[in-house]
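Shown below is the structure under consideration.
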Amino acid sequence: MIANDISELKLKQMIGKMLIFGFDSLHVDENDKIYKYISKYNLGGIILFDKFYHDRDKAKNIKNPLQLKKLTSQLQAISKNKLLISIDQEGGEIARLKVKDGFTPTISAKYLVTLGKQKAKQSYSLLSKELQELGINCNFAPLVDLALNKDSEVIYKMDRSYGDEVDEVTQYAEIFMDELQKHKVISCLKHFPGHGSALGDSHEGFVDVSDTWSKLELQPYKKLLSKTKMIMTAHVFNKNIDDKYPATLSYKTNTLLLREEIGYDGVILSDDLQMKAIESHYTKTQAIKLSINSGVDMIMYCNQLLSDDVLDIINSTFELVKNGEIPLRRIEEANKRIYKLFGEI
């Protein structure tokens, strides 16, 4: 038995609820590992990709609308509770549902602003309706990073930002959030506390925004606080907030700043812990311990850059809780927020 009379299986299921994982197939059945992890360990969510990261010609989870709808139905049927079926469908270049595969065309954030708010509403309505029809209930969007660094390969040059003005970014993000909500799809603001001033890409390695970050980058989160249910962390290092850890692993960022100063009480989701900004500098166990203790409620392993097993992560986290390195109350707090989030879909 564990503290508070929670059985080992129950605690592992609570840990499982805190995980979002990627997997490598176009369909699932009872012989697949992901099936077993959802059914036995109450896996919180999965993330869908159209292609393998290291083989762009090979379909990973998405082939066409018919196949995808069948896959999401299979996945949702496994879970005793609701399952977060998530995707990155920002529009434009960041769209896992592509026109060539039979999905609805989308427009990038940067271009959409030039077309006006009515066009944005129409575009996001179509996008959200398609997600709902396909059985996808969580979209890692909108991106509210301000376009402050015009040399940024991963934000500005990919047309992912609505611009460098807080009000404009906030207004268009709100339109997106409203349309997603109408179609029972959870939105997720990203990347806290701001990636728009960064030059580097945290997929590739360490990203330091200490000399470029501005408090202005917090404004979209403050303005959208009342309707925000999920926020994704950035793997950026900012010595002005925390001189030791990047945001995803930072108690000063996620608890002291986001929770206590800004007043956010929704789900905090880590960006992919397999990105080199984290993976190259911390062991798996260190990343789990630091992220959860920092205030992160759900941790994500996309299984694009590396290959991690759900049970290994659950067991590692279980040992950390058992040894007192992660307080049980953090697991309980996270689960409470996650179940509240699930009430939105």
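Amide H to amide H, which residues 5 or more places from residue 103 or on other chains are under 5 Å from it, using H placed in the peptide plane?
Long-range HN contacts for residue 103: 98.
Obtain the nm distance between the two label points defined at residue 151 and residue 225 by a simple spin-label model: each point lies 7 Å from its Cα along the Cα-to-C-beta direction.
Going by the 7 Å Cα→Cβ label model, 3.5 nm.
Step through the residues of the stretch 283-296 one at a time and calculate ³J(HN,Hα) from phi using the Karplus curve (6.51 cos²θ - 1.76 cosθ + 1.60, θ = phi - 60°), rounding each to whole Hz and writing x for Gly and Pro.
The phi angles translate into 6, 4, 5, 4, 5, 4, 4, 5, 5, 5, 5, 6, x, 5 Hz.
Further question: Ranking 195, 27, 235, 281 by Cβ neighbours within 10 Å, fewest first, what do you get? Please report the intermediate quantities before stating the final value.
Working: 195 33, 27 12, 235 28, 281 16.
Fewest-to-most ranking of 195, 27, 235, 281: 27, 281, 235, 195.
So how much slack lies between residue 126 and residue 54, counting 0.36 nm per residue of separation and subtracting their Cα-Cα distance, in nm?
So the chain would gain 22.9 nm between residue 126 and residue 54.
Name the most mobile residue of 221, 111, 172, meaning the one with the largest mean-square fluctuation, in a Gaussian network model of the chain with Cα contacts below 10 Å.
111
What residue among 318, 23, 103 shows peak mean-square fluctuation when the chain is described by a Gaussian network model with Cα springs under 10 Å?
103
Among the DSSP beta bridges whose two residues both lie in the stretch 90-342, what percent are antiparallel, rounded to the nearest 5?
If we restrict to bridges inside the stretch 90-342, about 10 percent are antiparallel.
On a 25 Å Cα-Cα criterion, which of the cross-link pairs 33/284; 12/70; 223/284; 239/289 come out too long?
Too far apart for the 25 Å limit: 12/70; 223/284.
As a test of the formula, what do you get for the chain when each DSSP H run with n ≥ 4 contributes -39,500 (n - 2.57) and the sum is divided by the residue count, at 222 nm and rounded to the nearest 500 deg cm²/dmol? Don't jump to the answer; show the numbers that get you there.
Numbers: 11 runs with 122 residues, N = 345.
Calculated from helices alone, the mean residue ellipticity at 222 nm is -10500 deg cm²/dmol.
Here is a follow-up. Full-extension gain between residue 261 and residue 63, please, as 0.36 nm times their residue separation minus the C-alpha to C-alpha distance.
66.9 nm
Further question: Within the set 98/340; 117/184; 184/227; 51/276; 215/244, which residue pairs have Cα atoms separated by over 24 Å?
Values: 98/340 32 Å; 117/184 21 Å; 184/227 14 Å; 51/276 20 Å; 215/244 19 Å.
Too far apart for the 24 Å limit: 98/340.
Another question about this same structure. Please turn the phi angles of the stretch 166-177 into ³J(HN,Hα) values with the Karplus equation 6.51 cos²θ - 1.76 cosθ + 1.60 (θ = phi - 60°), one per residue in order, whole Hz, x for glycine and proline.
4, 4, 5, 4, 5, 5, 6, 5, 5, 4, 4, 4
Also, I was wondering about something else. Need the full-extension length gain, residue 171 to residue 322, defined as separation in residues times 0.36 nm minus the C-alpha distance. One decimal, nm.
49.9 nm
Now for a different question. Would you mind telling me which residue in 17, 119, 110 has the biggest mean-square fluctuation in a Gaussian network model of the chain, where springs connect alpha carbons within a distance under 10 angstrom?
Answer for the Gaussian network model of the chain: 119.
Please turn the phi angles of the stretch 128-134 into ³J(HN,Hα) values with the Karplus equation 6.51 cos²θ - 1.76 cosθ + 1.60 (θ = phi - 60°), one per residue in order, whole Hz, x for glycine and proline.
5, 4, 5, 4, 4, 5, 7
Hand me the GluC sites (Glu not before Pro) from the stretch 115-202 located in a DSSP loop with no more than 14 other Cβ atoms within 10 Å, in residue order please. Could the numbers behind the result be given before it?
Numbers: sites: 130, 133, 153, 165, 168, 174, 179; in loops: 153, 165.
Those satisfying the criteria are 153, 165.
Considering the chain, what Rg and Dmax in Å follow from its alpha-carbon atoms?
For the chain, the Cα radius of gyration and maximum Cα-Cα distance read 18.9, 59 Å.
Among 302, 138, which comes first, then next, by fewest other beta-carbon atoms within 10 Å?
Going from sparsest to densest Cβ surroundings: 302, 138.
Readers should treat all values here as calculations from the given coordinates under stated rules, not as data from a laboratory. Since the model is a prediction, treat every value here as computed from it, not as a measurement. Counting neighbours? That spans all protein chains shown, and the Cβs are built from the backbone with ideal geometry, glycine included.
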